[in-house]
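Q: Okay, handing you the structure first.
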Amino acid sequence: MGSYDVLFIGDNSVWSRLAVSYLKDCNFDVTSIFWDYGTDDSQVRAIVQQWEGDWILSFKSDFILASDIITKARRGAINFHPAPVRYRGIGGYQYAIDNKDTNFGVTCHYIDNQIDHGKIINVIEFGIISGETPESLMSRTAAYALSLFHEISARIRNAQEIPYVNIQWLGKLYTRTQLSAYLSCRKK
């Protein structure tokens, strides 16, 4: 077991703060960034540009990392995507509810130079509850994501291999522009 320098990037939720707390409990040296889309990212970009270390862990974040930043992680960069493999990008909660999906999930994957594209480490799927809303699905998904985050972080702490599985990303990348247009059409 060793101590690792980790760059954590998460949203401003309690779930991201719990993830950082776990990393600190595991004695990682953590540089943490909490960022939501639409807020000023100049400070975030400055921190990210200066950081060098072992691991980048992105948790429920839609902050896009440039290739030169990803390569600063000597051991690897991992994303905890709050949606199953069929919903790359954003809006998965809304699309899943509107499509009347019966299952949803969390996808943990290595980060590469494309959005929600890298080799998949694990997928946890769970049932969508009758009457579920995008907001309630978001909260339940966060709980599953945190559980998976604990599992992968423990593997890192114990210097265990983090293999990928033979699961492929499906479908297209859902963008913020597409989600905004979709939501606008739904309101009409």
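Q: With Ala159, Ala73 as the choices, which residue is on the phi > 0 side of the Ramachandran plot and touching a Gly at 6+ places or on another chain (Cβ under 7 Å)?
A: Details: Ala73 fails: on the phi > 0 side of the Ramachandran plot.
Checking each option against the conditions leaves just Ala159.
Q: Could you check segment 107-124 and list, in sequence order, the residues that are surrounded by fewer than 21 Cβ atoms within 10 Å (Cβ to Cβ) and assigned to a strand (DSSP E or B)?
A: Tyr110, Ile120, Asn122, Val123, Ile124
Q: Go over the candidates Ser3, Ser16, Ser42, Ser32 one by one and state the one that is crowded, with 20+ Cβ neighbours inside 10 Å, out of contact with any Leu (no Cβ under 7 Å at 6 or more places or on another chain) and farther than 19 Å from Gln114 by Cα. Explain how you work it out, then say what you get.
A: Details: Ser3 fails: crowded, with 20+ Cβ neighbours inside 10 Å; Ser42 fails: crowded, with 20+ Cβ neighbours inside 10 Å; Ser32 fails: crowded, with 20+ Cβ neighbours inside 10 Å.
Result of the check over Ser3, Ser16, Ser42, Ser32: Ser16.
Q: Of everything in segment 8-44, what is over 19 Å from Pro82 (Cβ atoms), touching a strand residue (DSSP E or B) at 6+ places or on another chain (Cβ under 9 Å) and not in a loop (DSSP other than H, G, I, E, B)? Give them in sequence order.
A: Lys24, Asp29, Val30, Thr31, Gln43, Val44
Q: If you don't mind, another one. Quick one: count up the residues across segment 45-66 that are outside any strand (DSSP E or B) and open to solvent by less than 60 Å² (accessible area, probe 1.4 Å). Break it down into steps so the answer makes sense when it comes.
A: Just the residues of segment 45-66 that are outside any strand (DSSP E or B), to begin with: 45-52, 60-66.
Applying the additional criterion that residues be open to solvent by less than 60 Å² (accessible area, probe 1.4 Å) yields 46, 48, 51, 60-63, 65-66.
Total satisfying the criteria: 9.
Q: Another one. Return the pair list, or none, for Cβ contacts closer than 6 Å from residues in segment 86-98 that are more than 13 Å from Ile115 (Cβ to Cβ) to residues that are open to solvent by 30 Å² or more (accessible area, probe 1.4 Å), at least 6 apart or on different chains.
A: Pairs found: Arg86/Leu170; Arg86/Gly171; Tyr93/Met138.
Q: Can you name every residue in segment 138-177 that is open to solvent by 70 Å² or more (accessible area, probe 1.4 Å), in contact (Cβ under 8 Å) with a residue 40 or more places away in the chain and in a helix (DSSP H, G or I)?
A: Hits for segment 138-177 are Met138, Arg176.
Q: May I pose another question? Looking only at segment 61-86, which residues are in contact with a helix residue (DSSP H, G or I) (Cβ under 6 Å, 6 or more places away or on another chain) and under 21 Å from Gln168 (Cα atoms)?
A: Across segment 61-86, the qualifying residues are Ala77, Phe80, Pro82, Ala83.
Q: Count, please, the residues in segment 140-161 that happen to be more than 14 Å from Leu18 (Cα to Cα), hydrophobic (A, V, I, L, M, F, W, C) and touching a strand residue (DSSP E or B) at 6+ places or on another chain (Cβ under 9 Å).
A: Adding up the residues that qualify gives 2.
Q: Considering only segment 39-54, I want to know if a residue exists there that is at pLDDT below 95 and closer than 28 Å to Gly171 by Cβ.
A: Yes, segment 39-54 contains at least one residue that is at pLDDT below 95 and closer than 28 Å to Gly171 by Cβ.
Q: Another question about this same structure. Only one residue in Ile47, Ile90, Ile64, Ile33 is within 14 Å of Tyr110 (Cα to Cα) and either in contact with a Pro (Cβ under 8 Å, 6 or more places away or on another chain) or of a type in the set (A, V, I, L, M) (or both). Which one? Write out each step before concluding.
A: Details: Ile47 fails: within 14 Å of Tyr110 (Cα to Cα); Ile90 fails: within 14 Å of Tyr110 (Cα to Cα); Ile33 fails: within 14 Å of Tyr110 (Cα to Cα).
The conditions single out Ile64.
Q: Working carefully through the options Phe80, Phe104, find the one that is in contact with a Lys or Arg (Cβ under 9 Å, 6 or more places away or on another chain), over 19 Å from Arg176 (Cα atoms) and either in a strand (DSSP E or B) or open to solvent by 40 Å² or more (accessible area, probe 1.4 Å) (or both). Before the answer, list the steps.
A: Working: Phe80 fails: over 19 Å from Arg176 (Cα atoms).
Only one candidate qualifies: Phe104.
The values are calculated or read from the model by the stated rules, or taken from the named source; none is laboratory data. Please read these numbers as outputs of a predicted model, since none were measured by experiment. Reconstructed Cβ throughout: ideal geometry from the backbone, glycine too, with neighbour counts over all protein chains shown. Keep in mind that these areas ignore ligands, DNA and RNA; they rest on the heavy atoms of the full protein, side chains included. Shrake-Rupley method; radii C 1.70, N 1.55, O 1.52, S 1.80 Å.
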